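What follows is a short report on a single structure.
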Amino acid sequence: MDLKQLEYFRHVAELGSFTRAAAYLSVVQPALSRQVRQLEVELGQNLFERNGRGVVLTDAGSRLLEHARGILTQISRARQELEDQRNGDSGHFALGLPPSLGSSVTVPLVKAFASSLPNARLATVEGLSAYILEWLNIGRVDCALVYNATATATVDLQPLLDDRLFLIAPLGSKVARKAAASSPPVTLDELADYPLIIPSRPHALRMSVENALASVERKIRVAHEIECIPAVIDLVRQGHGFGVLPLNAVKASQWANEVLVKPIGKPALKASLSIATSSQRPRSPLMRKAIEVIRDIVRQEIHSSLATHAASNGTEIS
């Protein structure tokens with residue numbers, strides 16, 4: 001098994017066709033087919049099922065594709081780190097983001113990279129913290145922002161901040177009417193009575209709410225389990241339930257002005273946000289510089305959202 005075989009196999013798998021893969025790779029199809037067939041012979045298993053429309057992966061092919069992506073990414077990272085060591089601030093940098101952060105920090109991060117690291121190429125991917133940590137381990141991302149994570153033998157964590165969570169309510173709800181009368185923050189006991197539109201386990205937001213309610217011997221009341229943050233806000237806007245989200249996730253939404261955002265606490269309900277890196281790969285000069293940029297931008301965006309909300313509501317939010 002060599003890298004060329006894995007690269008050819010991956011492109012055939014992802015494009016679903018030997019013809020399309022050969023065109024993309026600028027190789028003749030017989031040579032491509034020969035390399036993939038040699039790989040199948042070496043492994044003693046068929047990797048594709050051929051049909052009139054192209055090819056589909058067998059079970060063995062699906063397993064190999066997952067490993068091939070990780071292996072090829074690691075090779076690319078190794079080449080990159082050597083290039084980074086020579087140049088210091090150039091190369092490709094992949095960042096994993098939770099969906100509640102992606103919509104608000106991606107654009108500022110791209111601008112900051114263009115200003116501070118003009119020779120670097122930033123790529124972002126979004127997913128649950130648990131999935132992002134898996135991507136970090138296999139090398140799909142270089143760094144990740146994760147909520148409520150625990151350091152392991154393979155993952156290093158740098159605490160960034162505690163991101164406060166807010167109750168998101170429809171404007172015509174009882175909560176909104178009480179807020180108009182300057183009512184205090186929602187208590188955890190009150191939160192337990194609201195039907196929540198919230199991600200399923202093990203989403204960090206879900207676990208933060210469940211753990212907080214357990215501390216006051218209450219249980220979560222779930223209306224719908226939805227992981228798409230914009231959809232959560234839209235459903236709340238339409239009166240299908242209530243949400244619990246970080247403020248910046250709401251502020252970045254097109255419906256920010258069509259829902260009520262109300263603090264939860266005291267004590268405030270928060271989720272711990274950390275920067276995660278792999279303990280099994282050395283930190284290149286680019287990674288060290290990129291982490292500084294990420295730390296500054298994320299703190300700035302979250303604190304700015306909190307300050308704007310506090311000013312508009314005449315309250316103080318810690």
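The values are calculated or read from the model by the stated rules, or taken from the named source; none is laboratory data. The structure presented is a predicted model; accordingly, all values stated were derived computationally and were not measured. Every residue, glycine as well, gets a Cβ built from its backbone with ideal geometry; the counts of neighbours run over all protein chains shown. SASA here: full protein model, heavy atoms, side chains in, ligands and nucleic acids out. Shrake-Rupley method; radii C 1.70, N 1.55, O 1.52, S 1.80 Å.
Restricting the chymotrypsin sites (Phe, Trp or Tyr not before Pro) of the stretch 121-176 to loop positions (DSSP other than H, G, I, E, B) with no more than 16 neighbouring Cβ atoms within 10 Å leaves nothing. Sites counted here are trypsin sites (Lys or Arg not before Pro) in a DSSP loop (not H, G, I, E or B) having no more than 14 other Cβ atoms within 10 Å; the longest part of the chain that contains none of them is 54-218. Taking every Cα-Cα distance in the chain and sorting them into 20 Å bins from zero, the calculated P(r) comes out as 28, 46, 23, 2 percent.
With kT/(6 pi eta Rh) evaluated at 20 °C and eta = 1.002 mPa s, and Rh the Kirkwood radius from Cα pairs, the stretch 90-162 diffuses with a coefficient of 167 µm²/s according to Stokes-Einstein.
Taking amide H as placed 1.01 Å from N in the peptide plane, Phe48 has its amide H under 5 Å from the amide H of Thr58, each at least 5 places away in sequence or on another chain.
Annotation: per residue accessible area for the stretch 169-257 equals 49 Å², rounded to a whole number [probe 1.4 Å, protein chains only]. Per residue, the stretch 31-109 exposes an accessible area of 53 Å² to a 1.4 Å probe, with every protein chain left in place.
Here the chain has 50 percent of its accessible surface on carbon and sulfur atoms, given a 1.4 Å probe and all protein chains in place.
Computed over the alpha-carbon pairs of the stretch 24-149, the distance histogram in 10 Å steps reads 11, 29, 29, 22, 9, 0 percent, short to long. Estimated from helices alone, the mean residue ellipticity of the chain at 222 nm is -16000 deg cm²/dmol (sum of -39500 (n - 2.57) over DSSP H runs with n ≥ 4, per residue).
What is the Cα centroid distance between the stretch 187-253 and the stretch 1-38, reported in whole angstrom? Centre-to-centre distance over Cα atoms comes out at 46 Å. The alpha-carbon positions of the stretch 232-318 define a convex hull whose volume is 135 Å³ per residue.
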